[in-house]
Amino acid sequence: MNLDHIFSQQVSDEDVDFLPILPEEDGADGKKLEIPNVLPILPLRNTILFPGVVLPITVGRDKSIVAVKEAYKSNKLIGVVGQIDGTIEEPEFDDIFKIGTVAQIMRMIKMPDGSTTAIIQGRQRFVTKELVQSEPYIKAQIEVLQDILPTDDKEFEASMLSLKDLAAEIIKLSPQIPSEANIVLRNINSPATLTHFISSNLNITVEEKQKLLEVGDMKVRVQTVLGYLNRELEMLKMKSEIQSKVQQDINKQQRDYFLSQQLKTIQEELGVNSADKDIIRLKEKLSKLTLPEKTKEQVDKELEKLQRMNPAAADYSVVLNYVELILDLPWGIYTKDNFDIKHSKQVLDNEHFGLDKVKERILEYLAVLKLKGDLKSPILCLVGPPGVGKTSLGQSIGRALGRQYVRVALGGLHDEAEIRGHRKTYIGAMPGRIIQSLKKAKSSNPIIILDEIDKVGSDFKGDPSSALLEVLDPEQNHAFYDNYLELEYDLSKVLFIATANSLQTIQPALRDRMEIIPIEGYSIEEKLQIAKKHLLPKQRTNHGLKTKQVQLSDKVLERLIEDYTKESGVRELDRQLASVMRNTAKKVALEEDYNPNVKDEDLSKILGPEKFDKSIYTEEHQPGVAVGLAWTPVGGDILFIESSLTKGNGGVTVTGNLGKVMTESTTTAVTYLKAHADELGIDRDIFNKVNIHLHFPEGAVPKDGPSAGITILSSLASLFTQRKLKPFLGMTGEITLRGKVMPVGGIKEKILAAKRAGLKEIIMCERNQKDVEQINPSYIKNMKFHYVKTMDEVVEIALQKSKVKNGIDFSVFNSSTPAPGGGL
């Protein structure tokens with residue numbers, strides 16, 4: 001019951017509550033109240049007014065203000081009805097219940113804020129018969145309803161006594177209800193008034209109160225109210241029992257604490273052993289932590305087991321280590337994220353050049369977290385060649401967000417227990433790497449770098465990749481289960497960043513759970529900036545040198561990059577710079593005279609002759625030699641394709657450690673060449689009189705993929721037409737039997753490899769143009785791109801117009817005498 005509102009404050013007609021008092025059955029002047037047949041109607045929402053209830057309301061709606069003022073000026077009577085739907089702001093006649101209460105406006109008060117408050121008292125029930133007007137307020141024809149009172153009904157009298165007793169018991173059990181409510185109950189003699197008083201304060205819905213108001217038979221109404229009171233009494237008794245039980249538990253805890261303090265004092269006097277000290281230390285640590293309920297129960301259970309065990313027992317150390325691990329974990333401890341997005345951007349830009357996609361994704365995550373306040377951390381996977389800064393980027397993200405940073409090396413991992421932990425029954429059992437990382441970070445929302453996730457293995461001990469499925473699934477990792485811990489741990493706030501060189505070796509289910517962000521290799525211009533801003537200052541510091549003691553110009557750095565390194569990342573560049581610094585540090589230590597400005601000629605003395613010669617890629621080759629562009633896990637590379645003819649019967653030989661897809665590309669190219677021999681000016685009969693040999697140099701390196709298709713076909717077309725391919729030209733693209741050129745991947749890495757090799761023209765599929773447009777135009781200036789759809793266009797662009805002199809004489813293949821090998 002809401003009897004605690006018996007002296008409630010005023011409320012708005014938008015959302016009202018009751019102030020029940022003893023009713024006035026007659027008019028304010030002591031005369032019998034005369035109720036007219038037509039009354040203004042005042043809709044109230046979220047409550048029902050009963051006869052005898054006094055209610056102060058703040059009138060807010062325009063129609064309500066007019067209705068109340070008009071009624072107050074005349075007979076001060078107004079019909080109060082409840083709204084069927086409380087969300088309607090301007091209710092019409094059909095939006096209100098048909099049965100309501102005639103209310104008398106006892107007083108109108110002008111409030112300091114300019115609003116009007118009316119104090120109304122319910123007088124008698126009525127039913128609306130007909131709408132008289134709807135503007136400027138609702139006015140309706142009504143009929144007053146009379147309560148049906150039973151006469152000389154002992155059962156009814158007993159019900160009324162039960163009603164009072166139940167209400168009194170509820171008041172006694174509810175500390176919120178003031179004692180004055182009992183006085184009010186004792187002074188109500190009218191059955192109708194008593195039921196109205198109790199009904200108005202019941203904890204029931206508006207619909208249930210409306211049904212009570214509509215009941216005219218007092219016997220039925222009393223029985224219904226009794227049912228509600230019995231239900232509320234049961235709830236109060238249950239609540240009282242729960243509170244009593246809680247109080248008993250608190251008293252028991254206080255008693256146990258008092259006894260434990262006494263025991264502790266006695267033990268200090270007697271001198272306790274180390275085992276007791278361990279348990280006391282763990283209990284003190286436990287008292288300072290806020291653990292989940294299940295975790296606390298587990299710790300208490302294990303501590304009780306420790307107290308009963310002999311410290312010399314083998315299992316004692318196992319249980320002790322287990323409890324210490326649980327208490328060392330950061331349950332519910334989170335570091336506060338730094339939501340200064342500008343600061344985060346500055347940290348990422350200062351420590352890493354480029355990598356714009358990754359930085360943008362981290363800043364987006366931080367922005368959403370700042371706005372929403374709570375967000376499941378994304379699972380990112382940075383894929384790219386070695387040395388581009390994938391792992392070190394994780395540390396920078398940690399500094400930008402203000403989070404702890406932990407790195408988990410997964411390379412070569414082949415035991416599932418490394419992820420999920422061992423069962424603690426085994427000797428030497430330990431938790432998995434994830435739980436260990438959280439213990440190390442001392443935070444439940446660190447950044448965990450899963451390094452080299454593509455190099456995870458599997459054997460008879462299990463599949464770690466499958467174990468990672470639970471770790472890296474945002475829908476599951478809120479309840480990660482470690483075999484050693486034997487408890488669920490929430491990993492949903494951990495920001496996992498995986499790194500990989502290739503997606504090919506990551507199982508599809510695991511790959512599907514991660515947001516893949518590709519990180520391409522660096523261009524020469526990017527490497528130059530990285531060397532100037534990051535590598536050079538770092539190496540100077542590492543070797544104890546000052547800026548004035550060693551300086552490298554942009555020209556020298558560029559030569560160092562082009563002639564002494566051949567990589568997508570910057571690790572080799574860092575090592576070469578370290579060599580230059582060591583050479584300078586030796587001169588400084590020996591106090592020799594030297595020029596601090598390193599020149600081109602100094603590089604040859606310090607690092608030796610140039611390691612990479614670009615001329616082999618740019619010189620003009622004989623017919624049958626084509627230059628292709630390849631993608632590898634360590635970045636882009638240049639691929640030569642050589643073809644040769646010998647007398648034979650139409651056989652095709654392919655060498656160079658090729659995969660199945662690349663071998664099929666060779667077959668496709670030969671078939672297309674035979675089908676279009678006439679268009680290329682090739683004698684069809686020659687194919688049955690020669691053997692073709694295709695060779696892909698660097699035979700120790702495995703090669704596969706469809707992107708060499710147009711290069712293979714260009715090599716064969718060059719051989720059979722005896723027209724050289726243009727110098728400074730590279731190409732990449734897949735072919736079909738119809739001669740269509742299909743798009744391929746790894747475009748940026750391939751283009752950067754072509755630029756490092758000194759190539760000036762590149763042929764690729766027209767649909768790869770969008771990939772080229774994503775590269776900074778300044779990095780590919782002076783390079784010409786040919787976007788093609790068919791092999792006819794490739795041949796037209798790639799092959800020179802004139803045949804070579806002293807080329808292969810195809811007539812020798814028609815003679816019966818043995819012919820020397822042609823081509824290469």
Problem set entry | Area accessible to solvent at Lys239, 1.4 Å probe radius, in Å² | 90 Å²
Problem set entry | Charge dipole of the chain about the Cα centre (unit charges at C-beta), most positive-ward option of Gly758, Gly82, Ser443 | Gly758
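Taking square-rooted eigenvalues a ≥ b ≥ c of the alpha carbon gyration tensor, is the range 618-766 rounded, prolate or oblate, where a/c under 1.5 means rounded and, failing that, a/b exceeding b/c means prolate? Kindly include the intermediate steps, with their values, before the conclusion.
Numbers: a/c = 1.65, a/b = 1.54, b/c = 1.07.
Prolate, because a/c is 1.5 or more and a/b exceeds b/c.
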Problem set entry | Filter on Lys566/Lys726; Lys611/Lys760; Lys285/Lys370; Lys277/Lys442; Lys342/Lys548 - keep pairs with C-alpha separation over 26 Å | Lys285/Lys370; Lys342/Lys548
Seminar exercise, completed: Taking protein heavy atoms only, a 1.4 Å probe, and rounding to whole percent, the accessible area of the range 408-467 owed to carbon and sulfur comes out at 53 percent
For this session: Pull out the extension gain between Glu558 and Phe785, defined as 0.36 nm times the separation in residues minus the alpha carbon to alpha carbon distance; nm, one decimal.
Result: 79.3 nm
Exercise. Taking the DSSP beta bridges in the chain as the whole, what percent of them are antiparallel, to the nearest 5?
Worked result: 60 percent
For this session: Averaging sequence separations of C-alpha pairs under 8 Å and six or more residues apart, then dividing by the length of the range 488-626, give the relative contact order as a whole percent.
Result: 26 percent
For this session: Take the solvent-accessible surface of the protein heavy atoms, probe 1.4 Å, and return the percent of it on the range 503-580 that carbon and sulfur atoms account for.
Result: 46 percent
Exercise. The list (1) 35.2; (2) 30.2; (3) 36.4 gives values of Kirkwood radius over Cα pairs in Å, and only one came from this structure; which label was calculated from it?
Worked result: (3)
Exercise. So how compact is the range 69-121: Cα radius of gyration and Dmax in angstrom?
Worked result: 13.0, 35
Seminar exercise, completed: Interchain or sequence-distant (5+) residues whose placed amide H lies within less than 5 Å of the amide H of Ile142 are Val38, Leu39, Lys129
Exercise. Can you give me the relative contact order of the chain as a percent, contacts being Cα pairs under 8 Å and 6 or more apart?
Worked result: 7 percent
For this session: Report, in debye and to the nearest 20, how large the dipole of the range 60-164 comes out about its Cα centre when Lys and Arg carry +1 and Asp and Glu carry -1 on their Cβ.
Result: 620 debye
Problem set entry | Extension gain, Leu363 back to Ser240 (0.36 nm per residue minus Cα-Cα distance, nm) | 39.1 nm
Exercise. For the chain, with only Lys/Arg (+1) and Asp/Glu (-1) charged at the beta-carbon, what is the dipole magnitude about the Cα centre, in debye rounded to 20?
Worked result: 2860 debye
Exercise. Under a 5 Å amide H to amide H cut-off, with H placed in plane at 1.01 Å, what residues pair with Asn657 once short-range neighbours are removed?
Worked result: none
Exercise. Rounded, prolate or oblate: which fits the range 129-182, taking a ≥ b ≥ c as square roots of the Cα gyration tensor eigenvalues, rounded meaning a/c under 1.5, else prolate when a/b beats b/c?
Worked result: oblate
Exercise. Looking at the P(r) of the range 111-269, how many percent of alpha-carbon pairs lie beyond 29 Å?
Worked result: 46 percent
Seminar exercise, completed: Along the dipole axis of the chain (charges at Cβ: +1 for Lys and Arg, -1 for Asp and Glu; origin at the Cα centre), the most positive-end residue among Leu329, His621, Leu485 is His621
For this session: Could you check the simple spin-label distance between Thr265 and Asp113, using points 7 Å along Cα→Cβ, in nm with one decimal?
Result: 5.8 nm
For this session: Using amide H atoms built 1.01 Å from N in the peptide plane, name the residues 5+ places from Met106, or on other chains, whose amide H lies under 5 Å from its own.
Result: Ile119, Ile120, Gln121
For this session: Mind giving me the nanometre distance, one decimal, between the label points for Val318 and Lys283, set 7 Å out from Cα along Cα→Cβ?
Result: 2.5 nm
Seminar exercise, completed: Taking alpha-carbon centroids only, the range 212-264 lies from the range 115-179 a number of Å equal to 28 Å
Exercise. Mean separation of Cα pairs under 8 Å and 6+ residues apart, divided by the residue count of the range 394-532: what relative contact order is that in percent?
Worked result: 26 percent
Exercise. If you plug each phi of the range 191-199 into the Karplus form 6.51 cos²θ - 1.76 cosθ + 1.60 with θ = phi - 60°, what whole-Hz ³J(HN,Hα) values come out, in order, with x for Gly and Pro?
Worked result: x, 5, 5, 5, 5, 5, 4, 6, 4
Exercise. Given the C-alpha centroids of the range 630-681 and the range 472-547, what is the distance between them in whole angstrom?
Worked result: 38 Å
Seminar exercise, completed: Once phi for every residue in the range 419-431 is put through the Karplus expression 6.51 cos²θ - 1.76 cosθ + 1.60 (θ = phi - 60°), the whole-Hz ³J(HN,Hα) values, with Gly and Pro written as x, are 8, 9, x, 9, 5, 5, 6, 7, 5, x, 5, 9, x
For this session: Compute the distance in nm between two label points, each set 7 Å from the Cα along the Cα-to-Cβ direction, one at Asp792 and one at Asp153.
Result: 10.2 nm
Exercise. How much area per residue is accessible in the range 174-245 when the probe is 1.4 Å and only protein heavy atoms are counted (Å²)?
Worked result: 50 Å²
Problem set entry | Accessible area in the full protein assembly, largest first, 1.4 Å probe, for Asp463, Asp792 | Asp792, Asp463
Seminar exercise, completed: Of the convex hull enclosing the alpha-carbon atoms of the range 549-670, the direction-averaged projected area in nm² is 10.8 nm²
For this session: Check cross-link reach from Lys647 to the lysines: straight Cα distance under 19 Å, and skip same-chain residues fewer than eight apart.
Result: Lys674, Lys689
Exercise. Of Lys283/Lys305; Lys527/Lys781; Lys660/Lys748, which sit over 18 Å apart, Cα to Cα?
Worked result: Lys660/Lys748
Exercise. Residue-wise, which Karplus ³J(HN,Hα) couplings in Hz belong to the range 134-151, taking 6.51 cos²θ - 1.76 cosθ + 1.60, θ = phi - 60°, and x for glycine or proline?
Worked result: 10, 10, x, 8, 6, 10, 9, 7, 10, 9, 6, 9, 9, 6, 8, 9, x, 10
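The values are calculated or read from the model by the stated rules, or taken from the named source; none is laboratory data. Just so it is clear, the structure is predicted and the values come from calculations on it, not from any experiment. Note that each Cβ is placed from the backbone with ideal geometry, even for glycine, and that neighbours are counted across all protein chains shown. Protein only, heavy atoms only, side chains kept; ligands, DNA and RNA dropped before computing areas. Shrake-Rupley method; radii C 1.70, N 1.55, O 1.52, S 1.80 Å.
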